[in-house]
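The values are calculated or read from the model by the stated rules, or taken from the named source; none is laboratory data. Predicted model, so just to flag it, every value in this text is computed and none were measured. No Cβ is skipped: glycine too gets one built from the backbone with ideal geometry, and neighbour counts run over all protein chains shown.
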Amino acid sequence: MFKRVMFKRIEHTEEAISGAENVAEYGERHKRDTDQKYRPLIKTIKAQSISGRYLEVGAGLGTLAVTISKEIDDVADVEITAIDLSPDMAKAGREYIKESGLKEKVRYFVCDASDESEIDKLGKFDLVYSAFSLHHWRDPERIFKNLVNCIDENGILYLYDLKRVWWLYLLPINGGYINSIRAAYLPSEVGAFLKKCGITKYETRTHFPYFMQSIIAKK
Ligand SMILES: C[S@@+](CC[C@H](N)C(=O)[O-])C[C@H]1O[C@@H](n2cnc3c(N)ncnc32)[C@H](O)[C@@H]1O
């Protein structure tokens, strides 16, 4: 009982990461561990070698979209649409994409993934992916529904995020990353969101250091 109460999900205090200062601070933290943090995700996406249209949800500074665009280039022909709720993140992301010379391959829009009509306008995608954003979503059920709807026949939904683990509740620390892990979902909770959208074919994996997970789902 004690463990169950402690282990409850604690909603993230912010949905969008807004304000130039917060975005810059996120960028500083992000630079330190980018490559290692994304490696399993990039490996999986590359292994699928899907050509066509990709949607990245909660794209932040655009670094992942740029990395995927470059790394996938030798196995698939891909156009990426990146979206984020935060205009400040989108501004930084667009600048990074431009500096990287990828304006033709990666587009970036301010868009709330929980807004059906905005997502609808973007069209259909062969791959919808998202990294470290799910635990921020205020209305995950709605976003899952929107993302499943914008996947093409045979398309894939790939989510990469933190995973809530009970042992982190034992540590007498709060703030930043720890709060994000407490706001993250269990694989079973993600499975329940998918089932509500009629998705039964999915696989979840835990990644080192055991508070990271990925979910790959097919329509
Ligand atoms: C922790 S950041 C991750 C950013 C980036 N994917 C990364 O790996 O660094 C989470 C991002 O999700 C975005 N976000 C949160 N809710 C969103 C929503 N409903 N629609 C689109 N983006 C959202 C936030 O603005 C933020 O930029």
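A few notes on this one:
- Inter-residue pairs, beta-carbon under 9 Å, first without any contact (Cβ under 8 Å) to a residue 24 or more places away in the chain and in the stretch 108-133, second within 12 Å of the ligand (Cβ to nearest atom) and part of a loop (DSSP other than H, G, I, E, B), 6+ apart: GLU118/CYS111; GLU118/ASP112; LYS121/CYS111
- Residues within the stretch 108-142 that are near the ligand (Cβ under 7 Å from one of its atoms), over 26 Å from PRO40 (Cβ atoms) and of a type in the set (Gly, Ala, Ser), tallied: 1
- The residue list ASP161, ASP152 contains one member that is out of contact with any helix residue (DSSP H, G or I) (no Cβ under 9 Å at 6 or more places or on another chain), under 22 Å from LEU64 (Cβ atoms) and touching a residue at least 12 places away in the same chain (Cβ under 8 Å), which is ASP152.
- VAL57 being in contact with a Ser or Thr (Cβ under 9 Å, 6 or more places away or on another chain), aliphatic (A, V, I, L, M) and either modelled with pLDDT of 95 or more or buried (at least 17 other Cβ atoms within 10 Å of the Cβ) (or both): yes
- Of the residues in the stretch 40-49, not one is of a type outside the set (A, V, I, L, M), surrounded by 20 or more Cβ atoms within 10 Å (Cβ to Cβ) and within 26 Å of GLU15 (Cα to Cα).
- Filter result for the condition that a residue is at pLDDT below 95, more than 22 Å from ILE80 (Cβ to Cβ), surrounded by fewer than 17 Cβ atoms within 10 Å (Cβ to Cβ) and in contact with a Lys or Arg (Cβ under 9 Å, 6 or more places away or on another chain), over LYS201, LYS196, LYS219: LYS201
- Some residue of the stretch 166-180 being within 25 Å of ILE80 (Cβ to Cβ) and buried (at least 16 other Cβ atoms within 10 Å of the Cβ): yes
- Candidates in the stretch 71-93 are the residues that are more than 12 Å from the ligand (Cβ to nearest atom), of a type outside the set (Asp, Glu) and surrounded by fewer than 19 Cβ atoms within 10 Å (Cβ to Cβ); of these, the one that is nearest to GLU118 (Cα to Cα) is ALA76.
- Close contacts from the stretch 72-91, counting a first residue that is assigned to a loop (DSSP other than H, G, I, E, B) and a second that is among the β-branched types (Val, Ile, Thr), with Cβ to Cβ under 7 Å and a gap of 6+ residues or different chains, come to ALA76/ILE50; SER86/ILE17.
- Of the residues examined, ALA16 is one that is under 28 Å from VAL165 (Cα atoms), surrounded by 17 or more Cβ atoms within 10 Å (Cβ to Cβ) and of a type outside the set (D, E, K, R).
- Within the stretch 109-144, the residues that satisfy the criterion of being under 13 Å from LEU159 (Cα atoms) and of a type in the set (Val, Ile, Thr) are VAL128, ILE143.
- Filtered residues of the stretch 47-70 (kept if more than 7 Å from the ligand (Cβ to nearest atom), in a strand (DSSP E or B) and under 13 Å from the mean Cα position of the chain (by Cα)): TYR54, LEU55, GLU56
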